[in-house]
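Below: one structure, written as structure tokens.
Only the coordinates and a few stated rules stand behind these numbers; no lab work does. Since this is a predicted model, take the numbers as computed values, not measurements. Don't worry about glycine lacking a Cβ; one is built from the backbone with ideal geometry, like all the others, and counts go over all protein chains shown.
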Amino acid sequence: MFRLITAGESHGKGLVGVLEGFPSNVAIDIEAINKDLARRQKGYGRGGRMKIEKDQVEILSGIRGGKTLGSPISFLIENKDYANWEAYMNPVAIEEGPRRVTEPRPGHADLTGAMKYGFKDIRNVLERSSARETAVRVALGSIAAQLMKVFNIEVVSHVTAIGKTSLEERIEAIEKIKLAEASEVRCCDAAKETAMIEEIKKAKEEGDSLGGIFEIHITGAPAGLGSYVQWDRKLDAKLTYALMGIQAIKAVEIGYGFENAQKKGSLVHDEIFFQEEKGYYRDTNHAGGIEGGMSNGENIVLRCAMKPIPTLYKPLRTVDIDTKKEVLATVERSDTCAVPAASVVGEMVAITVIAQEFLRKYGADSLEEITKRWKEC
Ligand SMILES: Cc1cc2nc3c(=O)[nH]c(=O)nc-3n(C[C@H](O)[C@H](O)[C@H](O)COP(=O)(O)O)c2cc1C
Ligand SMILES: C=C(O[C@@H]1CC(C(=O)O)=C[C@@H](OP(=O)(O)O)[C@H]1O)C(=O)O
């Protein structure tokens with residue numbers, strides 16, 4: 001089992017990730033990590049920051065000659081925007097910054113963060129609460145994904161709703177999603193994609209913002225990841241915990257979670273079949289591949305709801321933390337909609353959990369040992 005830690009402020013020098021306890025001898029393709037980082041930067045509705053950044057990892061430790069060493073893997077992702085913020089974000093030489101931020105944005109961490117940590121400048125909160133941090137989780141997840149690919153476990157995601165425009169069709173064919181990867185909002189239906197883009201354009205013109213829904217599919221996960229024996233070992237609990245840890249994600253559904261709640265059991269539970277060549281299988285997957293806190297061998301299907309972006313160009317009312325008078329919330333620069341980006345983050349966060357649970361089941365020090373255990377089971 002490995003653990004992760006992220007560090008870094010949004011406009012500081014850069015972001016740092018550490019992956020500790022990852023097995024040795026796993027081949028890591030740095031360009032594949034950079035590709036995942038680039039995917040997180042795409043999607044219609046992102047703000048000006050994405051034109052400044054070109055996220056890439058600089059590996060600092062734990063990989064030699066393209067393979068993991070078993071020692072902590074650490075890396076840096078540079079913030080190119082730091083050049084524009086150095087005078088204010090430099091950890092040593094503090095200049096008088098642009099004016100302090102004192103108008104907390106409803107929906108962001110601003111007010112409660114400043115109260116909790118005793119700040120008079122909300123910048124101290126927004127720098128770390130920012131979803132800029134998700135770049136590190138994507139890079140960490142991309143490393144985990146490369147390990148999972150060795151065992152034919154893969155992850156994809158797609159956007160199913162932007163604001164009110166939703167894609168009713170559930171995507172079962174993974175290949176279809178892969179083809180759609182190049183698309184801007186990573187939605188498989190061209191007409192719906194256009195409607196989604198229009199919806200974002202309209203929100204932007206109105207100084208408003210949008211949220212939406214994305215769906216994650218994990219294929220190839222063996223039965224038995226997670227466990228029913230203790231509440232905090234359940235795979236569904238671990239996945240939802242990790243996904244809820246993504247900024248602005250406010251609900252996570254496993255399989256047809258909410259829809260199932262409105263149906264009779266006979267229409268919900270996936271009947272079990274057996275064939276010599278296939279082993280146990282189901283013809284339906286309403287459970288989303290998890291029963292009793294364990295993967296059951298079917299595709300794992302997760303759906304995440306993202307709230308609308310809190311920073312509005314037409315700001316909401318708030319209270320100035322200096323004067324306690326009514327003012328409009330601060331706005332410097334913002335995304336209008338970041339559901340496609342969050343979808344990539346969701347993928348990488350989910351595959352990280354799967355890799356952790358995979359290693360808990362088959363884990364050992366080196367890739368060779370893991371492969372041996374995996375083949376034996
Ligand atoms: C990929 C991504 C990009 C985001 N971009 C912005 C943004 O540009 N402006 C903003 O106010 N919030 C943005 N958010 C959402 C905030 O980070 C988030 O709402 C805030 O940290 C408060 O946390 P909470 O929504 O989880 O309560 C983004 C979230 C994600 C996942
Ligand atoms: C920097 C990223 O997203 C940022 C997330 C974010 C927020 O409040 O969460 C606010 C914006 O920051 P800025 O004001 O610097 O443009 C986004 O751009 C990123 O995703 O890499």
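Brief remarks follow.
- Cut-off 18 Å, label 7 Å out along Cα→Cβ of Thr284, residues of the stretch 246-269 by amide N: 254-269
- Each residue, Gln230 and Ser24, gets one label point 7 Å from its Cα in the Cβ direction; the gap between the two is 2.9 nm.
- Gaussian network model of the chain, springs between alpha carbon atoms under 10 Å - residue of Ile28, Ile52, Ile216 with greatest fluctuation: Ile52
- Mean separation of Cα contacts under 8 Å, 6 or more apart, over the residue count of the chain: relative contact order %: 23
- The stretch 34-148: relative contact order as a whole-number percent, Cα under 8 Å and 6+ apart: 22
- Placing R0 at 56 angstrom, the Cβ-Cβ distance between Phe274 and Ile52 gives a FRET efficiency of 0.50 after rounding to 0.05.
- Two-site label geometry, Trp374 and Thr194: point separation in nm, points 7 Å out along Cα→Cβ: 4.3
- Distribution of pairwise C-alpha distances over the chain, 10 Å bins, in %: 5, 22, 30, 25, 13, 4, 1, 0
- At R0 = 25 Å, FRET efficiency that the Cβ-Cβ distance of Glu259 and Thr219 yields, to 0.05: 0.70
- Taking Pro310, Pro340, Pro222 in turn, the Gaussian network model of the chain (Cα-Cα springs below 10 Å) assigns the largest fluctuation to Pro222.
- As an equivalent ellipsoid, the stretch 313-367 spans semi-axes of 45, 15, 8 angstrom, where each value is the square root of five times an eigenvalue of the C-alpha gyration tensor, largest first.
- Principal axis box of the stretch 277-377, alpha-carbon based, largest edge first, Å: 68, 37, 23
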